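Colleague: Here it is, the structure in full.
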Amino acid sequence: MLYKAIVFLPLFGFLIAGLFGRWIGDRGAQLVTSGFLVIAAVLSVFAFMDVAIGGNTHTVIVADWVRSGELSFSWAFKIDTLTAVMLVVVTWVSAIVHIYSIGYMAGDPGIPRFMAYLSLFTFAMLMLVTADNLVQMFFGWEGVGLASYLLIGFWYKKPEANAAAIKAFLVNRVGDFGFSLGIFACFLLFSSVQLDTIFASAPIHADTTIEFLGYEVHALTTICVLLFIGAMGKSAQLGLHTWLPDAMEGPTPVSALIHAATMVTAGVFLVVRCSPIFEYAPDALSLVAIVGAATAFFAATVGLVQNDIKRVIAYSTCSQLGYMFFAAGVSAYGAAIFHLFTHAFFKALLFLGAGSVIIAMHHEQDMRKMGGIRTMVPVTYILMLIGTLSLTGFPYTAGFFSKDMVIEAAYASHRTGAGFAFIMGVSAALMTSFYSWRLMFMTFHGTPRAGEEVMRHLHPVPAVMLAPLSVLALGALLAGVIFYEDFVGGARALFWGESILVLGEDIIEEAHHVPAYIKWLPTVMMAIGFLLAFQLYIRKPHLPAALASTFRGLYLFLLNKWYFDELFDFLFVRPSKRLGRLLWKGGDGRIIDGFGPDGIAATVLRIARRSKTIQTGYVYHYAFAMLIGVAIAVTYFIVVGGGQ
């Protein structure tokens, strides 16, 4: 009953707020949805203690679902340590976002709808992380995609929000197509979609080949690559990343919930959950490591020059997801989930802190129009400072423990792509520190750049928005030191149990024994990034503009996000539009309409119009027509009769 309550309480909140929001009002919708999420968050702690700490695992059957030939599965929850960790992340971040939204969305005419969407998303995410079969996981996968579409486009009167929602939906469909093919391939190979059945049978099929796209390919590698394509879409990895920054058009609580702590981590969860398959597909793991490392580097470079406060944090999210993936790619699954866990706290803290700044600045998001506000919003400043310290890996914060372990694991691994991942990870650590401190200095320090009217009316952030951030700040400070031993330390084998499988060498154990200079390298990069940002934005604030002018080509390249949007527009969007126009004008207009409504049907209408002119109403016209008819008939019989 405990686990059913955790999963279904958000669903009940969605139904009540969505169906009866008009009657219970804004406050009623906020109290119902937030209350249910707080209860679910508290229950998730008990679940964590029972499963992760107590070592118990459960399979909770909700209902029979499908019975069709070989395809048979139930709607059930797979509760192990990996699930318990995700339950804590999803419910706590969602509960905090629900409470924060009470203040952030004050005065919005669609509050019940917004709160309902938040709860719907949370329910779908919980369905995803508790799934004991691939179809149920896909149900949750598509559910979070639908909810993210609704939330990104919540302010549907803004064309930019509509465009961003559609873009997120379409780009994710590309990844989801790969995921669905992976599910089909699993059923083809294993005759089951049950995770436990698939995992148990994976060693038997370690050398099995199948025919795919006309080629004989390694079965498990193909399945893992297809599943990873799904993960790339949901977790915004390089190539399928373009939707994530545009998704910042949604309200800030949406950015924190979906694009920092929960939905975008679904791809990481998928790879780690399927570690018993990926371990038999080392080439697929190498691909995961390389793509993740490339994403970490790419997103960090773009974050260096962004001016929208939310977009800087969005690219930071994209970069940190790359860290999680290359950790999984070198089989350091515990490190990947450890970074996922700590990242949820400090990145949600940064997003919600940015939302507090935006509210205080009367919805201004351009950092070039901020500056010098730290004394006016001191609590927000301190909270964002904590989030920044953790993100950059300041010693003994949560990010320090998890990100450093990821980099050390990449160094220790001998898998193809691990060296590349290490170099990209270290480089991204330097850039992460730079753009994070750049954000802090441009927003809170220096000379105020906002207009006098804005500065005069700069108002403190309500307590209902700041109080939840304190919980995230505690997590950003303490989650690393508290859970280090369990996630990646000496107690990790007992902690993870059978929820994660690693074949061969234990990379995390190897990571503990890397040279001291490797352990301190990320911290050195963090310090260099801080000093560079301090030099450019505090001591010599004229230098950034001068550097941008001197290296204008590079600056524009990064500012325009490596021109990925323009490239995809040229390769995919424009040809698709041209094809659509051809099918519309040529296929539908000229062929279908030309032969149909504009052809045969139009001809019948023309004949009918001309035929009706015969109906004049004069008797002598009809008599004349009858005589002509008789004459034609007589002529016919004479001719035919004469021929015989």
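The values are calculated or read from the model by the stated rules, or taken from the named source; none is laboratory data. As the structure is a prediction and not an experimental result, all values here were calculated from the model. Reconstructed Cβ throughout: ideal geometry from the backbone, glycine too, with neighbour counts over all protein chains shown. Each accessible area value is taken on the protein alone, full model and side chains, heavy atoms only, with ligands, DNA and RNA left out. Shrake-Rupley method; radii C 1.70, N 1.55, O 1.52, S 1.80 Å.
Colleague: Does E485 fit the bill of being open to solvent by 30 Å² or more (accessible area, probe 1.4 Å), outside any helix (DSSP H, G or I) and within 30 Å of L37 (Cα to Cα)?
Modeller: Considered against the rule, which asks whether it is open to solvent by 30 Å² or more (accessible area, probe 1.4 Å), outside any helix (DSSP H, G or I) and within 30 Å of L37 (Cα to Cα), E485 comes out as no.
Colleague: Could you look through segment 150-208, keep only residues that are aromatic (F, W, Y) and over 26 Å from P276 (Cα atoms), and pick out the one that is surrounded by the most Cβ atoms within 10 Å (Cβ to Cβ)?
Modeller: F154
Colleague: Give segment 466-490 a look and list any residue that's more than 25 Å from V406 (Cβ to Cβ) and more than 24 Å from the chain's Cα centre (by Cα), or say none.
Modeller: Within segment 466-490, L466, A467, S470 qualify.
Colleague: Would you check which residues across segment 543-558 are among the aliphatic types (A, V, I, L, M), touching a Phe, Trp or Tyr at 6+ places or on another chain (Cβ under 9 Å) and surrounded by 15 or more Cβ atoms within 10 Å (Cβ to Cβ) and list them?
Modeller: A548 - this is the single residue of segment 543-558 that is among the aliphatic types (A, V, I, L, M), touching a Phe, Trp or Tyr at 6+ places or on another chain (Cβ under 9 Å) and surrounded by 15 or more Cβ atoms within 10 Å (Cβ to Cβ).
Colleague: Can you pull out every residue in segment 226-258 that is closer than 30 Å to L213 by Cβ and aliphatic (A, V, I, L, M)? Outline the logic, then answer.
Modeller: Of segment 226-258, the ones closer than 30 Å to L213 by Cβ are 226-244.
Result: L226, L227, I229, A231, M232, A236, L238, L240, L244.
Colleague: Quick one: which of I591, I607, I600 is more than 30 Å from G239 (Cβ to Cβ), surrounded by 12 or more Cβ atoms within 10 Å (Cβ to Cβ), β-branched (V, I, T) and without any contact (Cβ under 8 Å) to a residue 60 or more places away in the chain?
Modeller: Going through I591, I607, I600 in turn, the sole match is I591.
Colleague: With surrounded by fewer than 23 Cβ atoms within 10 Å (Cβ to Cβ), in a helix (DSSP H, G or I) and without any contact (Cβ under 8 Å) to a residue 24 or more places away in the chain as the only criterion, which of F12, F20, F8 stands out?
Modeller: Numbers: F12 fails: without any contact (Cβ under 8 Å) to a residue 24 or more places away in the chain; F8 fails: without any contact (Cβ under 8 Å) to a residue 24 or more places away in the chain.
After applying the criteria, what remains is F20.
Colleague: When you look at S180, is it part of a helix (DSSP H, G or I) and either among the hydroxyl-bearing types (S, T, Y) or over 29 Å from V254 (Cβ atoms) (or both), yes or no?
Modeller: Working: part of a helix (DSSP H, G or I): yes; either among the hydroxyl-bearing types (S, T, Y) or over 29 Å from V254 (Cβ atoms) (or both): yes.
Spelling it out, S180 is indeed part of a helix (DSSP H, G or I) and either among the hydroxyl-bearing types (S, T, Y) or over 29 Å from V254 (Cβ atoms) (or both).
Colleague: Continuing with this model, one more query. Out of the residues in segment 527-542 that are surrounded by 13 or more Cβ atoms within 10 Å (Cβ to Cβ) and of a type outside the set (A, V, I, L, M, F, W, C), state the one that is farthest from T388 (Cα to Cα).
Modeller: So the residue we want is P541.
Colleague: Take the residues in segment 383-402 that are part of a helix (DSSP H, G or I) and open to solvent by 10 Å² or more (accessible area, probe 1.4 Å), then tell me which one is farthest from L521 (Cα to Cα).
Modeller: So the residue we want is L383.
Colleague: What residue, among those in segment 369-382 that are in contact with a helix residue (DSSP H, G or I) (Cβ under 7 Å, 6 or more places away or on another chain) and in a helix (DSSP H, G or I), is surrounded by the most Cβ atoms within 10 Å (Cβ to Cβ)?
Modeller: Across segment 369-382, the extreme among qualifying residues is T380.
Colleague: Being in contact with a Cys (Cβ under 7 Å, 6 or more places away or on another chain) and either open to solvent by 10 Å² or more (accessible area, probe 1.4 Å) or over 30 Å from D308 (Cβ atoms) (or both) is the filter here; which residues of segment 225-253 pass it? Can you show your working first?
Modeller: The first filter runs over segment 225-253 and keeps only residues in contact with a Cys (Cβ under 7 Å, 6 or more places away or on another chain), leaving 227, 236, 241, 244.
L227 - this is the single residue of segment 225-253 that is in contact with a Cys (Cβ under 7 Å, 6 or more places away or on another chain) and either open to solvent by 10 Å² or more (accessible area, probe 1.4 Å) or over 30 Å from D308 (Cβ atoms) (or both).
Colleague: Examine segment 61-77 for a residue that is under 17 Å from I500 (Cβ atoms) and assigned to a strand (DSSP E or B), and state whether such a residue exists.
Modeller: There is no residue in segment 61-77 that is under 17 Å from I500 (Cβ atoms) and assigned to a strand (DSSP E or B).
Colleague: Same structure again: Within the bounds of segment 564-572, is there any residue that is out of contact with any Phe, Trp or Tyr (no Cβ under 9 Å at 6 or more places or on another chain), over 30 Å from M440 (Cβ atoms) and open to solvent by less than 50 Å² (accessible area, probe 1.4 Å)?
Modeller: Yes; the residues of segment 564-572 include at least one that is out of contact with any Phe, Trp or Tyr (no Cβ under 9 Å at 6 or more places or on another chain), over 30 Å from M440 (Cβ atoms) and open to solvent by less than 50 Å² (accessible area, probe 1.4 Å).
Colleague: For segment 43-71, which positions are open to solvent by 50 Å² or more (accessible area, probe 1.4 Å) and within 29 Å of the chain's Cα centre (by Cα)?
Modeller: Matches in segment 43-71: V45, F46, M49, T57, H58, T59, I61, W65.
Colleague: Run G107 past the list (1) in contact with a helix residue (DSSP H, G or I) (Cβ under 7 Å, 6 or more places away or on another chain); (2) outside any helix (DSSP H, G or I); (3) of a type outside the set (F, W, Y) and report the number of the one that doesn't hold.
Modeller: Of (1) in contact with a helix residue (DSSP H, G or I) (Cβ under 7 Å, 6 or more places away or on another chain); (2) outside any helix (DSSP H, G or I); (3) of a type outside the set (F, W, Y), only one is false for G107: (1).
Colleague: I need the full set of residues from segment 404-451 which are open to solvent by 10 Å² or more (accessible area, probe 1.4 Å), under 30 Å from V377 (Cα atoms) and in contact with a Pro (Cβ under 7 Å, 6 or more places away or on another chain), in order please.
Modeller: Hit for segment 404-451 is G446, nothing else.
Colleague: Looking at the structure I just gave you, is A131 of a type in the set (G, A, S) and closer than 25 Å to C186 by Cβ?
Modeller: Here the answer is yes, as A131 does meet what is asked.
Colleague: With the structure loaded, tell me whether D132 is surrounded by 21 or more Cβ atoms within 10 Å (Cβ to Cβ) and of a type in the set (D, E) or whether it fails that test. Steps first, answer last, please.
Modeller: Values: surrounded by 21 or more Cβ atoms within 10 Å (Cβ to Cβ): yes; of a type in the set (D, E): yes.
Considered against the rule, which asks whether it is surrounded by 21 or more Cβ atoms within 10 Å (Cβ to Cβ) and of a type in the set (D, E), D132 comes out as yes.
Colleague: Name the one entry in A299, A348, A344, A332 that is out of contact with any Ser or Thr (no Cβ under 8 Å at 6 or more places or on another chain) and modelled with pLDDT of 90 or more.
Modeller: Answer to the selection: A348.
Colleague: May I pose another question? Please verify whether segment 344-358 includes one or more residues that are part of a helix (DSSP H, G or I), of a type outside the set (V, I, T), surrounded by fewer than 24 Cβ atoms within 10 Å (Cβ to Cβ) and touching a residue at least 12 places away in the same chain (Cβ under 8 Å).
Modeller: no
Colleague: Further, regarding this structure: Name the single residue that is modelled with the lowest pLDDT among those in segment 456-469 being in a helix (DSSP H, G or I) and surrounded by fewer than 15 Cβ atoms within 10 Å (Cβ to Cβ).
Modeller: Restricting to residues being in a helix (DSSP H, G or I) and surrounded by fewer than 15 Cβ atoms within 10 Å (Cβ to Cβ), the top hit is R456.
Colleague: Then there is this: I need a count of the residues in segment 189-211 that are closer than 24 Å to K234 by Cα and of a type in the set (A, V, I, L, M, F, W, C).
Modeller: Residues in segment 189-211 being closer than 24 Å to K234 by Cα and of a type in the set (A, V, I, L, M, F, W, C): 4 in total.
Colleague: Can you pull out every residue in segment 256-300 that is open to solvent by less than 10 Å² (accessible area, probe 1.4 Å) and among the β-branched types (V, I, T)?
Modeller: I258, T262, V264, T265, V268, V271, V272, I277, V288, T295
Colleague: Regarding G589, is this residue modelled with pLDDT under 80, in a helix (DSSP H, G or I) and touching a helix residue (DSSP H, G or I) at 6+ places or on another chain (Cβ under 9 Å)? Outline the logic, then answer.
Modeller: On the way: modelled with pLDDT under 80: yes; in a helix (DSSP H, G or I): yes; touching a helix residue (DSSP H, G or I) at 6+ places or on another chain (Cβ under 9 Å): yes.
It is true that G589 is modelled with pLDDT under 80, in a helix (DSSP H, G or I) and touching a helix residue (DSSP H, G or I) at 6+ places or on another chain (Cβ under 9 Å).
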